[in-house]
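This report concerns only the one structure given below.
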Amino acid sequence: MLDITHFGLFALSVLLLSITPGPDIAYVVGQSVANGRRAGVISAAGVALGSCTHAVASAVGLTALIAASPLMFTVIKYLGAAYLMYLGSKMILGTLSKKKAEDTARPTIKPLLHPYSLLSKGFITTLTNPKVLLFFISFFPQFVSPGGEHQAVSFLLLGLVYALIAFLTDVTFAVLAGSAAGAVSQNKTLQTLLDRVVGATFITLGIRLALTRR
């Protein structure tokens, strides 16, 4: 298959990586529980678009260039950390500013976020995650024959496979988490608690990301 070697091992490794808790899963699950399965699936699509962007960048050599530059790597790392902490802080502050519904006879329905907002947040979360960048740089070359004639295409294909597996995994998490969305939407206390827990998780992930070393 072009210059790709040990494709089965590659796919298995990507699957194991995809089910490992991280910013992407936290974002998808958080949106799915808070806004329903549809929101979770759209968020997963945004994450997949970010992975595809990494794949294209890897194929044309941009990721190698970024990884070789300490300054560029540091900038991306802190941008990603700041964005995660921004999302977390926004969720927590949102629970503090909510007003109690005047009409207690009807349950308050949380407004559905615009699909573009869900897509863009998932996209940026993945795009600014240097761990994904390092994964493409350090892991992918092990499955591409050195000196091959189709290295760029091979890197691109592996990247798309990575994005597909990660997307299917995230969608599975979104569907499972979305099962709790109905109960959460009817329970304001639980919804507030969940938003704060997810927000705190994002902030923690952002801090951990900022402290990550190459």
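Every read-out reported here was derived from the displayed coordinates using simple, explicitly stated rules and does not represent laboratory data. Note that this is a predicted model, so its numbers are computed, not measured. Note that we place each Cβ from the backbone using ideal geometry, even for glycine, and neighbour counts take in every protein chain shown.
Amide H contacts of Val144: Thr5, each under 5 Å away and 5 or more positions distant or on a separate chain (H built 1.01 Å from N in the peptide plane; Pro and chain starts excluded).
Divide the volume of the convex hull around the Cα atoms of region 3-82 by the residue count and you get 122 Å³ per residue.
The label point for Val161 and the one for Ile207, both projected 7 Å from the Cα toward the Cβ, are 3.9 nm apart.
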